[in-house]
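Chemist: The following block contains the structure, expressed as structure tokens.
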Amino acid sequence: MSEGAAAPPRAVVLGHARFAEGLVGAARAIAGDAAAFACVSNDGLDAAGIERAVGEWLARGVAVIFTDLPAGSTTMAARRAQRAHPGTVVVTGANLPLLLDFAFADGEPAQAARTAAERARAAVLVTGGPA
């Protein structure tokens, strides 16, 4: 990378409609900067188009993809792109605690994604209501 060139983001957030934009926007509002993330929407794209869009980021060195639905078209495209880019980590069910933990993590992105996923699962809880 040339001197002064911006480093690629550490991860792609991929989802339906404006999911990625909204989630990254919320992370940016809390963390102050969400340059760690690139946003990709499936809007107007078929499966091959989604895979191509994600593949472009992976070719630039991004190693982590966060998606919205475990079995959705975005995750299926991410998994296909993952096959072409060994070492890529795909994390499904992305939420705000997950992105915040990842954004503040130091170190290798794949391990940061795994740690963030563990913590994000623990952040989901239900309170109140009938037993």
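The values are calculated or read from the model by the stated rules, or taken from the named source; none is laboratory data. As the structure is a prediction and not an experimental result, all values here were calculated from the model. We place every Cβ from the backbone using ideal geometry, glycine too, and count neighbours over all the protein chains shown. What goes into the accessible areas is simple: the full protein's heavy atoms, side chains included, and nothing from ligands, DNA or RNA. Shrake-Rupley method; radii C 1.70, N 1.55, O 1.52, S 1.80 Å.
Chemist: Condition first: outside any helix (DSSP H, G or I) and open to solvent by 30 Å² or more (accessible area, probe 1.4 Å). Now tell me which residues in the stretch 100-112 satisfy that.
Modeler: Within the stretch 100-112, Asp106, Gly107, Glu108 qualify.
Each row is one residue, and each column tells you yes or no for (1) in contact (Cβ under 8 Å) with a residue 24 or more places away in the chain; (2) surrounded by 20 or more Cβ atoms within 10 Å (Cβ to Cβ); (3) in contact with a strand residue (DSSP E or B) (Cβ under 6 Å, 6 or more places away or on another chain); (4) not in a helix (DSSP H, G or I).
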residue: Arg80; (1), (2), (3), (4): yes, no, no, no
residue: Arg83; (1), (2), (3), (4): no, no, no, no
residue: Ala94; (1), (2), (3), (4): yes, yes, yes, yes
residue: Leu98; (1), (2), (3), (4): yes, yes, no, no
residue: Arg114; (1), (2), (3), (4): yes, no, no, no
residue: Ala122; (1), (2), (3), (4): no, no, no, no
residue: Thr127; (1), (2), (3), (4): no, no, no, yes
residue: Pro130; (1), (2), (3), (4): no, no, no, yes
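This table checks each residue for (1) over 23 Å from Ala17 (Cβ atoms); (2) within 14 Å of the chain's Cα centre (by Cα); (3) not acidic (Asp, Glu).
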site: Val54; (1), (2), (3): no, yes, yes
site: His85; (1), (2), (3): yes, no, yes
site: Val89; (1), (2), (3): yes, yes, yes
site: Leu125; (1), (2), (3): yes, no, yes
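Chemist: Give the number of residues within the stretch 24-71 that are within 15 Å of Val91 (Cα to Cα), open to solvent by 50 Å² or more (accessible area, probe 1.4 Å) and part of a loop (DSSP other than H, G, I, E, B).
Modeler: So the count comes out to 3.
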